[in-house]
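Notes follow once the structure below has been shown.
Read-outs throughout are calculated quantities, based only on the coordinates presented, and are distinct from any laboratory measurement. Everything numeric in this text was worked out from a predicted model, so none of it was measured. Here Cβ is always computed from backbone atoms with ideal geometry, including for glycine, and neighbour counts include all displayed protein chains.
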Amino acid sequence: MPEDNLAARRELEARQLALLNGLLKEVSATNAFYRNKLGDDRNLFSFESLEAFRSRFPFTEKSEWVGDQENHPPYGTNLTYPLDRYIRCHQTSGTSGKPMRWLDTRESWDGLLDDWRQVYRAAELGREDRFFFAFSFGPFLGFWTAFEAALRQGSFCLSGGSMTTEVRLQAMKDNHITALVCTPTYALRLGETANEQGFDRQGSSLRKLVVAGEPGGSLASVRQCLAELWPTATVFDHHGMTETGPVSFQCPASPGMLHIIDTSYLAEIVDPETNQAVDYGEKGELILTTLRRAGSPLIRYRTGDLVERALPGSCGCGREETILAGGIIGRCDDMVVVRGVNVYPSAVDEIVRHAGGVIEYQVQMGTNRSLVELSVNIETAANEPDPSIIVRNVESELRRRLGLRIPVRSVPTNSLPRFEMKARRWVRSQG
């Protein structure tokens, strides 16, 4: 690392240590969840270095706070302050079980909005921009923080809640929207519908697609598809979670890399099996400590997100924040082993999109003599003259890049599900 970057990194880590010890001081006094977890060991509430913290403080597992909320409904005991200090309540999607609630004080809420405004600044989106939020505006944190952060910077903000895809497109046109905020999957869906409906995308005022919720925003093939569907706009990726808040933003100079907001999060990347820190260039599980969310903190939280640790300063902008090469690659528990080959959903997504001509797809997982087998259904555009050519291209790419023969078949137009939120393209085959 260049000396200037090294000095900046040391200064940043000194600030992180001060924030961490301040957080632990607050937590040690009144937070029943962490007091019960850590017992009377006072050495776990103040640290002389980040290295000491990482070596001595235990991980927080998702199962711990899930069990805590089940045993102490409705909010659990991970509350540092009296209940009347909390002003916002949001909840997780509940895709792997019962939805879990998360509370925020005014101070922690303001911190989350500050983080979102960092995302907007990195995306070069300011007061003069006109935002459209293509979400249903349910109880998930990301909808509300994204909207309110843009509102606080003085931007025009329009909610797309309850609108159909066609109505949203018209609203974007009528209101001269310059920034669309949604998932990568839904940005693709909006673009495909615009194409079908004959919307003038070349003359659109849209200049930025801010996407999150799925790995696609950092995948080159997905970004290329979005660029073709929205020729006037550039893609800007970021990621976050309800239980942590907005965590990262795309490197302004190097698409495909995410910077952690290190002033709000202490990030670690560990081997999910050994729990040891991985080297630069290696993949591991992202561990986060929420430095500014003292009201309901997570300390050394195992996110389950699979990431690759990049060397500081290796991106084009030269910032000192933690860098994730390739963004969020997937979930640690999403990997499947097919005939001895480790297969991640994001790898299949990259291959299918790279082949071109695929509107939507679905991966079916089955077993044959206790071994996992995959097959892929693809949906091509209604005017595609010969879908069999695309089928062969996808099969060829899967075989070339994964070393696997995976059957691919074409299915009728509009026969596969469409998604506004996180896409669920991997399904268990029947029988």
Within the chain, cysteines having no neighbouring cysteine beta carbon under 4.7 Å are C89, C157, C182, C225, C317, C332
Once amide hydrogens are built 1.01 Å from N within the peptide plane, the residues lying 5 or more places from L291 or on another chain with amide H under 5 Å from its amide H are Y265, L266
Env charge @ L23, Cβ radius under 10 Å, K,R +1 / D,E -1, value +2
Net charge near T92 (other residues with Cβ under 12 Å of its Cβ; Lys, Arg +1; Asp, Glu -1) is +3
Sorted by chain and number, the residues with a modelled amide H under 5 Å from that of T234, at a separation of 5 or more or across chains, are K208, L209
Plugging the Cβ-Cβ distance of N368 and D114 into 1/(1 + (r/R0)^6) at R0 = 41 Å yields, to the nearest 0.05, a FRET efficiency of 0.20
Along segment 412-421, Karplus-curve 3J(HN,Hα) (6.51, -1.76, 1.60; θ = phi - 60°) to the nearest Hz, with x for Gly and Pro, reads x, 4, 6, 8, 9, x, 10, 10, 9, 8
Length gained, K98-R127, 0.36 nm per residue minus C-alpha separation, equals 6.6 nm
Segment 120-166 and segment 217-292 have their Cα centres apart by a whole-number Å value of 20 Å
A correct Stokes-Einstein calculation for segment 205-337, using the alpha-carbon Kirkwood radius, 37 °C and 0.692 mPa s, returns a whole-number D in µm² s⁻¹ of 215 µm²/s
Within segment 311-339, the residues whose backbone N lies under 14 Å from a label point placed 7 Å from the Cα of L404 along the Cα-to-Cβ direction are 334-339
For the chain, the longest principal axis of the Cα atoms and the Cα long axis of helix 220-229 enclose an angle in degrees, to the nearest 10, of 60 degrees
Cα-based Rg/(2.2 N^0.38 Å) for segment 335-428, rounded to two decimals, is 1.05
For segment 115-132, in residue order, the Karplus 3J(HN,Hα) values (coefficients 6.51, -1.76, 1.60; θ = phi - 60°; whole Hz; Gly and Pro = x) are 5, 5, 5, 5, 4, 5, 5, 5, 7, 6, 10, x, 4, 6, 7, 10, 9, 10
If each K or R counts +1 and each D or E counts -1, the residues other than G281 whose Cβ falls under 14 Å of its Cβ total -2
Nearest 10, in degrees from 0 to 90: the angle of helix 184-197 to the longest Cα principal axis of the chain is 30 degrees
Residue-normalised 222 nm signal for the chain, counting each DSSP H run of n ≥ 4 as -39,500 (n - 2.57), nearest 500 deg cm²/dmol, is -10500 deg cm²/dmol
Relative to the chain, whose Cα atoms define the longest principal axis, helix 345-355 and its Cα axis are tilted in degrees, nearest 10, by 30 degrees
The farthest towards the positive end of the charge dipole of segment 335-428, of the residues N414, G357, S396, given +1 on Cβ of Lys and Arg and -1 on Cβ of Asp and Glu, is S396
One can check that the equivalent ellipsoid of segment 95-140, built from the alpha-carbon gyration tensor with semi-axes equal to the square roots of five times its eigenvalues, has lengths in Å, largest first, of 25, 16, 10
The answer for V338, listing residues at least 5 apart or on another chain whose modeled amide H is closer than 5 Å to its amide H, is V343
Computed ³J(HN,Hα) along segment 384-401: with the Karplus parameters 6.51/-1.76/1.60, θ = phi - 60°, integer Hz and x for glycine or proline, the list is 5, x, 9, x, 5, 5, 5, 4, 5, 5, 5, 4, 5, 5, 4, 5, 5, 8
